[in-house]
């Protein structure tokens, strides 16, 4: 924090964060300097920390979208120490579960340099039984009602009983179950993908970081390009929708953003969209990541715009209806017959007049659950015009409608928080929750949060 008054710095607002070293709650300020917004916080014991949270030509103020909080359907923990120490969810949380992640194994068949989850570090008793996974499903229903489920790990295809886990979730009443996977086993055997589909799997969240060997070697330690493509092909043959999920790392694969989108559209309708995840820094980072190691949401949008030569515009994406506005963006498109994308909707047209009205958090959650389940699943193939049987050829509008039923495509991004840029206002609006080993619902960023020395708040810590 500067000791002299600088007229170029504008104080926007305040929030609460944590000290990256001792994990104590500290006051944080959002400060703007030019086109860049910083989160500035000061710990009385460990000094001042300044981290970029918004950078680029999209004005910070135009992105904000107010929400009316909605308390959890049933809170599993009490408010004792305050956010983020009472997650479970506590009664002060402002959003229901949209997507619940259930980690079914710690085992993994890759050793990626970049990993959210401690994968591959097997611990005795760390793999939940089918009965315990049933309890996890029940807790999600009690805490938030029917939600979208993502089975994760580790690498969930390491479980031999994965089809039983999927079937159990469908029997419990969950209509959309997605698999978070590296795709190795899906690529090896098309019948495996068909078995998962038959068990009730709807969608595959496929780790997909780029189209170059260098990117794969840097982020995954192996050149997986052929394996990823075969996984997509096998999923399509099995009737599974695929979402490509690139982890974006500055100076590693940010130059491939446009190419990844084009590649995904080429495999439409199997590939339902691309979901970018700018890298977050969990684990041991004694000095903290530099601002040049960060990638903010407006920068991702600018990369999409620039690398598509303006065909995909910032006006084609919008803040989320479910989570906090600073957490994500999304845009919906139609894949034309030539593989190009046509935007479905225009943010500039719908959001440019007047102050935005507060969105009820529960309403946003319901819309998000429904849209995600519909968009990320592979639709049944269209058999022609929906306007009745007739012999004459389809006109342009009929062809558009027929294609729109199958070839929609989403582009989105999620900016997860780490201890350096943690904003508890954002955290309280989180709708992506991990089911803890005790059966509590913990916001994704809180569950993965670590101090600069790798000390965790939730992951790997047993709680009563």
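Check the stretch 407-420 and report whether any residue there is touching a residue at least 12 places away in the same chain (Cβ under 8 Å), assigned to a loop (DSSP other than H, G, I, E, B) and over 21 Å from residue 54 (Cβ atoms). Looking for residues that are touching a residue at least 12 places away in the same chain (Cβ under 8 Å), assigned to a loop (DSSP other than H, G, I, E, B) and over 21 Å from residue 54 (Cβ atoms), one finds at least one in the stretch 407-420, hence yes. Here residue 166 fits the description: free of Cβ contacts under 8 Å to residues at least 40 places away in the same chain and more than 20 Å from residue 414 (Cα to Cα). All but one of (1) over 30 Å from residue 258 (Cβ atoms); (2) more than 23 Å from the chain's Cα centre (by Cα) hold for residue 165; which doesn't? Failing condition for residue 165: (2). Take the conditions (1) on the phi < 0 side of the Ramachandran plot; (2) surrounded by 19 or more Cβ atoms within 10 Å (Cβ to Cβ); residue 315 misses just one of them, which is (2).
Taking the criterion of being modelled with pLDDT of 95 or more and in contact with a strand residue (DSSP E or B) (Cβ under 8 Å, 6 or more places away or on another chain), the residues of the stretch 96-127 that qualify are 97, 98, 99, 100, 101, 102, 103, 104.
Limited to the stretch 42-73, what total is found for residues that are more than 24 Å from the chain's Cα centre (by Cα) and touching a residue at least 24 places away in the same chain (Cβ under 8 Å)?
Result for the stretch 42-73: 7.
Among the conditions (1) in a loop (DSSP other than H, G, I, E, B); (2) surrounded by 19 or more Cβ atoms within 10 Å (Cβ to Cβ); (3) modelled with pLDDT of 95 or more, residue 310 misses just one, which is (2). The number of residues in the stretch 313-323 being farther than 20 Å from residue 426 by Cβ and assigned to a loop (DSSP other than H, G, I, E, B) comes to 1.
How many residues, within the stretch 290-301, are over 28 Å from residue 406 (Cα atoms), surrounded by 17 or more Cβ atoms within 10 Å (Cβ to Cβ) and in contact (Cβ under 8 Å) with a residue 60 or more places away in the chain? First the steps, then the outcome.
Step one: list which residues in the stretch 290-301 are over 28 Å from residue 406 (Cα atoms), which gives 290-299.
Of the ones still in play, those that are also surrounded by 17 or more Cβ atoms within 10 Å (Cβ to Cβ) are 294-299.
Next, from what is left, pick out any that are in contact (Cβ under 8 Å) with a residue 60 or more places away in the chain: 294, 296-299.
Of the residues in that region, 5 qualify.
Residue count for the stretch 287-307 satisfying the condition of being farther than 16 Å from residue 411 by Cβ and either in a helix (DSSP H, G or I) or touching a helix residue (DSSP H, G or I) at 6+ places or on another chain (Cβ under 6 Å) (or both): 3.
When you scan the stretch 270-279, do you find a residue that is in a loop (DSSP other than H, G, I, E, B) and within 22 Å of residue 399 (Cβ to Cβ), even just one? Yes; the residues of the stretch 270-279 include at least one that is in a loop (DSSP other than H, G, I, E, B) and within 22 Å of residue 399 (Cβ to Cβ).
Go through the stretch 73-89 residue by residue and tally those that are closer than 20 Å to residue 360 by Cβ and surrounded by fewer than 22 Cβ atoms within 10 Å (Cβ to Cβ).
Going through the stretch 73-89 one residue at a time, the tally reaches 3.
The values are calculated or read from the model by the stated rules, or taken from the named source; none is laboratory data. Since the model is a prediction, treat every value here as computed from it, not as a measurement. Here the Cβ is made from the backbone with ideal geometry for all residues, glycine too, and neighbour counts use every protein chain on show.
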